[in-house]
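Since the structure comes first, as structure tokens, the remarks are kept for the end.
The values are calculated or read from the model by the stated rules, or taken from the named source; none is laboratory data. What you see is a predicted model; the values in this text were computed from it and never measured. Positions of Cβ are backbone-derived with ideal geometry, glycine not excepted, and every protein chain shown enters the neighbour counts. Surface areas here come from the heavy atoms of the whole protein model, side chains and all, with no ligands, DNA or RNA. Shrake-Rupley method; radii C 1.70, N 1.55, O 1.52, S 1.80 Å.
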Amino acid sequence: MNTHESEVYTVAPEMPAMFDGMKLAAVATVLYVIVRCLNLKSPTAPPDLTFQDTTLNHFLLKSCPILTKEYIPPLLWGKSGHLQTALYGKLGRVSSPHPFGLRKYLPMQDGATATFDLFEPLADHQSGEDVTMVICPGIGNHSEKHYIRTFVDHSQKQGYRCAVLNHLGALPNIELTSPRMFTYGCTWEFAAMVGFIKKTYPQSKLIVVGFSLGGNIVCKFLGENRTNQERVLCCVSVCQGYSALRAQETFLQWDQCRRFYNFLMADNMKKIILSHRGVLFGVGSKMVDSELSRLYTATSLMQIDDNIMRKFHGHNSLKEYYEKESCVHYIHNINVPLLLVNSVDDPLVHNSLLTIPRTLAEKKENVVFALTLHGGHLGFFEGAVLFPQPLTWMDKVIVDYATAMCQWEKQKPPCQSKDAQSNQTTCQENTS
């Protein structure tokens, strides 16, 4: 008997070739967007340096090699200025330390009370000298911010005393004692802190450091009066915009999401102002109820500056406020060594503003302008692939530059002027 067996085969229907093409196109589109958004194709490079050919500058670049070496951000996200800025804004720093400091209170002539935190060095400085960093944080910031704590801890370990200004009204647990808070370029509180340090530590040399808005304040302070530069070894400014008047137009533009950042910073400023509404809009204040109402509806820093901030110092217009509070009109008066640091992908500082520090470095031999390809706004994270290191390129470059200046001061040629305000190179001998 013959048995006939039949086999049944199930054949899956073939998907149309067009569907496979659509899937590939979708994947390619997603990858393209990721590559573009994360800027993965962007190369890494050393900072673009603008400086004059002087003995001091050659010594600084030789003694501070981080300025001439390639800055390498984390591979997957570090080339995006937005992510660098966002990580700084939300986290500040990774594994932020908690340095111990003492809070100082300084009464001002108008009834305000300036505060700053003082951190003593944790090691001897390699130069054997007493050196104090006087630090001015960014807009609405203070000594308790993570990026400030990380920088202070690193500086302490390298032998620096640190004095960190707390912007007037920025600390949530410190009440205002007069109807005034910090503004874009008011140097009164920073001057009071520097004066205290000079009086309390008469042998200490000063390193002046400013971050973002703080960079504007410290450069304006040094340029306002020649005596402010006494005992100052050098100044470092990171991620400032130099001219508020020129910057205001760029802050209303949507490229690099600058208008969105403007909204976020305005919202933060509103919270700070409203936390002190009882003092700022109370009895004896220059403010009226209509200005408080306009504050609630403000969506940009310019609106807040026009309705509130400019009136603290009696400026008649927003233009006048920005003109008089910007360091661009004072920075050319600085004669101590000055390092200006910015990033090409900083979403807050438009590239058109970078002509100011570049031109200054081309004209003045005491100025070095360092422009990195990546870093965002006060980010400058370093790392291998995904996770950033606790210490950033920014922290290292400031301390290394300051240490190089201390070395120069200790071993500079005899023919070099000893005047702290003079940086004229009168000697051609090799200091290496």
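Dividing the mean sequence gap of close Cα pairs (under 8 Å, 6+ apart) by how many residues region 36-178 holds gives a relative contact order of 22 percent. Among the trypsin sites (Lys or Arg not before Pro) in region 285-338, those placed in a DSSP loop whose Cβ has at most 15 other Cβ atoms within 10 Å are LYS286.
Taken per residue, the accessible surface of region 293-376 reaches 34 Å², heavy atoms only and a 1.4 Å probe.
Carbon and sulfur: what percent of region 234-301's accessible surface (1.4 Å probe)?
60 percent
Amide H contacts of ASN166: THR115, PHE116, ASP117, each under 5 Å away and 5 or more positions distant or on a separate chain (H built 1.01 Å from N in the peptide plane; Pro and chain starts excluded).
Element breakdown for region 135-190 at a 1.4 angstrom probe: carbon and sulfur atoms account for 50% of the accessible area. Accessible surface computed residue by residue for region 58-114, with neighbouring protein chains in place and a 1.4 Å probe, gives 54 Å² per residue.
Could you check how much of the accessible area of region 368-407 is carbon and sulfur, as a whole percent, using a 1.4 Å probe? Please report the intermediate quantities before stating the final value.
Numbers: 690 of 970 Å².
Carbon and sulfur: 71 percent of the exposed surface of region 368-407.
At a probe radius of 1.4 angstrom, the accessible area of region 186-261 per residue rounds to 36 square angstrom.
Toward the positive end of the charge dipole of region 220-313, with +1 on the Cβ of Lys and Arg and -1 on the Cβ of Asp and Glu, the farthest Cα among CYS234, ASN262, THR297 is that of CYS234. Here the gap between SER352 and LYS271, fully extended at 0.36 nm per residue and compared with their Cα-Cα distance, gives a gain of 26.1 nm.
Residue order by solvent-accessible surface for HIS332, HIS374 is HIS332, HIS374, largest first, with ligands and nucleic acids left out and a 1.4 Å probe.
Quick check: from the Cα gyration tensor, does region 123-190 come out rounded (a/c under 1.5), prolate or oblate? Walk me through the numbers on the way to the answer.
Details: a/c = 2.95, a/b = 2.14, b/c = 1.37.
Since a/c reaches 1.5 and a/b is larger than b/c, the shape of region 123-190 is classed as prolate.
The residues neighbouring ILE72, those whose beta-carbon lies less than 14 Å from its own, together hold a net charge of +1 under the Lys/Arg +1, Asp/Glu -1 convention. Take the residue pairs LYS271/LYS396; LYS145/LYS271; LYS157/LYS205; LYS198/LYS364; LYS198/LYS220; LYS271/LYS311 and return only those whose Cα atoms are more than 21 Å apart. Violating the 21 Å limit, Cα to Cα: LYS271/LYS396; LYS198/LYS364.
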